[in-house]
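The values are calculated or read from the model by the stated rules, or taken from the named source; none is laboratory data. The model shown is predicted, which means the values in this text are computed figures rather than measured ones. Ideal geometry is used to build each Cβ from the backbone, glycine not excepted, and the neighbour counts take in all protein chains shown. Side chains included, ligands, DNA and RNA excluded: accessible areas come from the protein's heavy atoms. Shrake-Rupley method; radii C 1.70, N 1.55, O 1.52, S 1.80 Å.
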Amino acid sequence: MNRRKIWGYGVGALGKDLANIVISSYLLVFYTNVLGISAAAGGTIMMVTKIWDAINDPMMGIVADKTKTRWGKFRPYLLFVPIPLAVCAVLTFTPVSFSYTGKLIWAAVTYTLTNTLFTCYDVPMLGMVPSLSDSPRDRNALATSGRFFTTIAILLGSTFAYPMIQYLGGGAEVQNLKKGYPAFLAILGVISIAGAWIAFASTKEVAAAEQETLSVSRLLSALKKNKPLYILQGMNLFFSMGMMVSTSVGAYYVMYVIGRTELISIYMLALTSAMTVSTLVIPGALKRVSKERFIMAALGIAVAANIMMFLFGAANIPLLLLLSFISNGCSFAPAVVMTVMVSDVADHTEYEKGYRADGVLFSINSFVIKLATAINSGLIGFMLTASGFDAAREVQSSATVTGINVVRYLYPIAAFAVTIALLKLYPLNAKKLDVVRAELKRKRGSIE
């Protein structure tokens, strides 16, 4: 596969994830500190919306698998969805002077629209990987490229977001942030649209062109008695819950535990640069060890680093930044590998069922990630409120500081431990996949 297709696909991931990472990192802070609603209310809106967003992922997967155009099944969504997505993302971060109830309704409606449109972009973007190539090596390259540009999006969207929001708004006061947030999202929207269109122009669906448009019943039957899918998505759920915490709680952690708002961009840089480095290491590492061993080692190191940070706290900033870099790099790396593993499950499903359902399988993957986001949003919002968080106070109570610390470090440790336990049950090892792919190659050759 040529580099133009690989890097073009990755640029599409950059486009789709820019606004999404800003939402993950700063929306709850925007709700509490700018829009003026409680952490519990904001967390509930994010949780309920993400649950709906997760539910509509399989629906979008079915729609994508049944789509038939001259551009393929998945690419049309990269062409038509980005503009309304960008508009709704700006509205999500637009403060309004409504009543408290009106603000809640505004937040719920705009966030729901943004997430629904994101699903219409995200599911086809992920689902098109198997349609671009039958080669496991090419799929690894595409997935790695996508994740690499996702880390660039995370770097831009979380590390530089807050300083840019302040700059565009003209200051750090609430009245300045009210102007800075929508202005920054508008810039990200333009970048997102350009990235999506570059991905559309750079790729061409090959494998998908030869596949039949499947009925809903056959698509749903692909999910029945699919043990590899169930175990992989169980891993995906708990892993995602643990992985997302660092950026979701990062701004609160720096503001109220470290107590130095000016360090937000530096702290986020340590987290996001680690993700970028991890994507560069993954291809070489997977040539030497299996996917399962790689995930086990990465999560083991992340757990150890989180334990050290919980014990030593924020007393030593250079050590904290170093451990945060190590922890986040190792926490993020399995995300790339698990994306590749969905393609493995798609191959195994074709081997067992006799037909492919890539859109549905990748939509299930996206469904689980969003379910994890929903759980995290609700828990973080409720735990902040329960611990006495008050956005009007510059210095929070010791109970609030303890609550942030527990969520930031102990929660990921527990989630990663469950992921490792499920990993031991995953049945698609390298030997099994070699058998699957050899048989698929034989069948496709005989059909030709």
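A few points about this structure:
- Of all the numbered requirements in (1) under 16 Å from the mean Cα position of the chain (by Cα); (2) at pLDDT below 80, residue 133 misses one, and that requirement is (1).
- Some residue of the range 189-207 being assigned to a helix (DSSP H, G or I) and at pLDDT below 85: yes
- Note on the range 242-268: residues that are under 19 Å from the mean Cα position of the chain (by Cα), modelled with pLDDT of 85 or more and open to solvent by 10 Å² or more (accessible area, probe 1.4 Å) total 2.
- Boolean, residue 135 is polar (S, T, N, Q), closer than 28 Å to residue 331 by Cα and surrounded by fewer than 24 Cβ atoms within 10 Å (Cβ to Cβ): yes
- Note on the range 95-115: residues that are surrounded by 16 or more Cβ atoms within 10 Å (Cβ to Cβ) and not in a helix (DSSP H, G or I) total 1.
- Residues (farther than 30 Å from residue 309 by Cβ, open to solvent by less than 30 Å² (accessible area, probe 1.4 Å) and either among the basic types (Lys, Arg) or under 26 Å from the mean Cα position of the chain (by Cα) (or both)) located in the range 406-444: 428
- Criterion applied to 268, 296 was being of a type in the set (A, V, I, L, M, F, W, C), part of a helix (DSSP H, G or I) and over 26 Å from residue 361 (Cβ atoms), and the one residue passing it is 268.
- Scanning the range 354-378 for residues that are open to solvent by 10 Å² or more (accessible area, probe 1.4 Å) and outside any helix (DSSP H, G or I) yields 354, 355, 356.
- In the range 37-62, the residues that are under 16 Å from residue 373 (Cβ atoms) and in contact (Cβ under 8 Å) with a residue 60 or more places away in the chain form Cβ pairs under 7 Å with partners that are assigned to a helix (DSSP H, G or I) and among the charged types (D, E, K, R), at six or more places apart or across chains, as follows: 50/370; 53/370; 54/370; 57/370.
- Inspection of the range 319-340 finds a residue satisfying the criterion of being within 30 Å of residue 65 (Cβ to Cβ), of a type in the set (Ser, Thr, Tyr) and open to solvent by less than 60 Å² (accessible area, probe 1.4 Å).
- Selection from the range 4-21 of residues that are at pLDDT 85 or above and of a type in the set (A, V, I, L, M): 6, 11
- Scoring residue 392 on the criteria (1) in a helix (DSSP H, G or I); (2) of a type in the set (Gly, Ala, Ser); (3) open to solvent by 40 Å² or more (accessible area, probe 1.4 Å) leaves a single failure, condition (1).
- The residues in the range 147-165 that are closer than 16 Å to residue 192 by Cα and of a type in the set (Val, Ile, Thr) can be counted, and the count is 4.
- Looking at 415, 399, just one residue is assigned to a helix (DSSP H, G or I) and more than 30 Å from residue 36 (Cα to Cα), and that residue is 415.
- Test for residue 280: is it touching a residue at least 12 places away in the same chain (Cβ under 8 Å), surrounded by 15 or more Cβ atoms within 10 Å (Cβ to Cβ) and in a helix (DSSP H, G or I): no
- Output for the range 344-385, where each listed residue is touching a Gly at 6+ places or on another chain (Cβ under 9 Å) and without any contact (Cβ under 8 Å) to a residue 40 or more places away in the chain: 383
- Selection of first residues in the range 296-309 that are open to solvent by 50 Å² or more (accessible area, probe 1.4 Å) and of second residues that are assigned to a helix (DSSP H, G or I), restricted to Cβ pairs under 6 Å at least 6 apart or on distinct chains, gives the following pairs, ordered by first then second residue: 301/330; 308/323.
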